[in-house]
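Asks: Once you've had a glance at the structure underneath, I'll fire off some questions.
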Amino acid sequence: MNRQKAFTLIELLVVIAIIAILMAVLMPALGRAREQGQRAVCLNNLRQLQLCWHMYTDDFDGKIVNGSASWEGRGENPWAWIPGRDVTPDQARMTFERGALYDYCSTPKIFKCPTGISGEWATYAIVDAMNGHDWGGGLPKGVWVKQRSEIRQPSQRTVFIDEGRLTFGSWTVYYDEERWWDAVPLRHGKGTTFSFVDGHAEDRRWVDPRTIEMAEKSQKTDPITGFQSTHPNNEDLRWVQRGVWGKLGYANDDGSN
């Protein structure tokens, strides 16, 4: 009579232990691969949005689309109308489709990063300097722009930022102070993604501990804004300010660095 050989209890425990070790090794790698894929999709979304931004500008003789969302300031249709939170899905869709860039986009999902909150329509915002909030008109020429022809160094000027949440205006950072204003986005790890006037998109990793601390607090509580202490010599802040405004308003800086 043949008797089938079975695993002993010790052998089964060894196999389970080996599987557990393999899972512990593979899971972080799979998580990183998933994150890299989502980041790649986000960057591609920004490049497509940037193309839509240029298509609009071409159709309107070089005039830049209104960078605010859900605000028809200066008699200009905003780039996107952000739906309110207490509306039906149909009402939200109809509101969002009113945005000036929607007609240039054949794939509406490019308005939202794949890691965005379920139910929201957009995670991206246009920065103040690109025909957004105009700061009362008190900024130097070429810093806040309304015509594409006014933009110097297009490879260094940012347009869209992955803010990661609904925003009803344009994304704000100080021009003439070493301070953040809007909450610092913490996306795809410890940083966020940007598009630039020349059409390319970048993933920026934060390096200053003060930036990361402020961003993490914003995620845990109500958005932490820059109405707080200054961040002297914050490399992240200066990089963002130069990208948004073209130069620093509190230093002898022409934006070329």
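All of the numbers you see were taken from the coordinates with simple rules; none came from a lab. All figures in this text were calculated on a predicted structure; none of them were measured in a lab. Cβ coordinates were reconstructed from backbone atoms using ideal geometry, including for glycine residues, and neighbour counts include every protein chain displayed.
Asks: With the chain treated as a Gaussian network of Cα nodes joined by springs under 10 Å, which of ALA122, ALA17, ALA201 yields the largest mean-square fluctuation?
Replies: In this elastic network of the chain, the residue with the biggest mean-square fluctuation among ALA122, ALA17, ALA201 is ALA17.
Asks: I would also like to ask the following. Using only the alpha carbons, work out the radius of gyration and Dmax of the chain in angstrom.
Replies: For the chain, the Cα-based Rg and Dmax read 22.8, 96 Å.
Asks: Take the alpha carbon atoms of segment 159-253, find their radius of gyration, then divide it by 2.2 N^0.38 Å using N residues; give the quotient.
Replies: Against the empirical 2.2 N^0.38 Å value, I get 1.01 for segment 159-253.
Asks: In segment 71-132, which trypsin sites (Lys or Arg not before Pro) fall in coil by DSSP and have 10 or fewer other Cβ atoms within 10 Å?
Replies: Here the sparse-neighbourhood loop sites are ARG85.
Asks: Please build a GNM for the chain, connecting alpha carbons under 10 Å apart, and tell me which residue among ILE82, ILE126, ILE18 fluctuates the most.
Replies: Per the Cα network of the chain with a 10 Å cutoff, ILE18 tops the list.
Asks: Could you check which residue among GLY137, GLY243, GLY116 shows the biggest mean-square fluctuation in a GNM of the chain with a 10 Å Cα cutoff?
Replies: Answer for the Gaussian network model of the chain: GLY137.
Asks: May I pose another question? Looking at segment 124-178, which trypsin sites (Lys or Arg not before Pro) are DSSP coil and have at most 12 other C-beta atoms within 10 Å of their C-beta?
Replies: In loop regions of segment 124-178 (DSSP not H, G, I, E or B), the sparsely surrounded trypsin sites (Lys or Arg not before Pro) are LYS141.
Asks: Let me ask you something else. Using 26 Å as the Cα-Cα cut-off, could you pick out the over-long pairs in LYS146/LYS220; LYS109/LYS217; LYS190/LYS247?
Replies: LYS146/LYS220; LYS109/LYS217
Asks: Also: Give me TRP144, TRP135 sorted ascending by neighbouring Cβ count inside 10 Å, so fewest comes first.
Replies: Listing TRP144, TRP135 from fewest to most nearby Cβ atoms yields TRP135, TRP144.
Asks: Still on this structure, I have one more. Over segment 125-204, what per residue volume does the convex hull of the Cα atoms give, in whole Å³?
Replies: 101 Å³
Asks: Can you give the extra length, in nm with one decimal, that the chain gains between ASN77 and ALA40 once fully stretched, where that is 0.36 nm per residue apart less the Cα-Cα distance?
Replies: Between ASN77 and ALA40, full extension yields an extra 10.3 nm.
Asks: How large is ³J(HN,Hα), in whole Hz, for each residue of segment 236-245 in order, when computed from phi with the Karplus curve 6.51 cos²θ - 1.76 cosθ + 1.60 and θ = phi - 60°, using x for Gly and Pro?
Replies: Rounded to whole hertz, the list is 5, 4, 5, 4, 5, 4, 5, x, 6, 9.
Asks: Please arrange MET23, MET55 by how many other C-beta atoms lie within 10 Å of their C-beta, fewest to most.
Replies: MET23, MET55
Asks: Could you give the length gained on full extension between GLU150 and LEU51, defined as 0.36 nm per residue of separation minus the Cα-Cα distance, in nm?
Replies: 33.8 nm
Asks: Under 5 Å between amide H atoms, partner at least 5 residues away or on a different chain: which partners does TRP171 have, H built in plane at 1.01 Å?
Replies: Residues meeting the criterion, in which the H sits 1.01 Å from N, are ILE126, VAL127, ASP128.
Asks: Something else about it: Given H placed on each backbone N at 1.01 Å, which residues far from GLY191 in sequence or on other chains put an amide H within less than 5 Å of it?
Replies: Those qualifying (amide H under 5 Å, at least 5 residues apart or on another chain) are TRP206.
Asks: Oh, and also: May I ask what percent, to the nearest 5, of DSSP beta bridges between residues of the chain are antiparallel?
Replies: Percentage antiparallel, nearest 5: 75.
Asks: A follow-up question, please. In sequence order, what are the phi-derived ³J(HN,Hα) couplings for segment 182-197 according to the Karplus relation 6.51 cos²θ - 1.76 cosθ + 1.60 with θ = phi - 60°, rounded to whole Hz, with x for glycine and proline?
Replies: My calculation for segment 182-197 gives 5, 4, 7, x, 10, 10, 6, x, 9, x, 7, 10, 9, 10, 10, 4 Hz in order.
Asks: Let me ask something additional. If you bin every alpha carbon distance in segment 85-158 into 10 Å steps from zero, what whole percent lands in each bin?
Replies: Histogram of Cα-Cα distances, whole percents per bin: 15, 36, 30, 17, 1.
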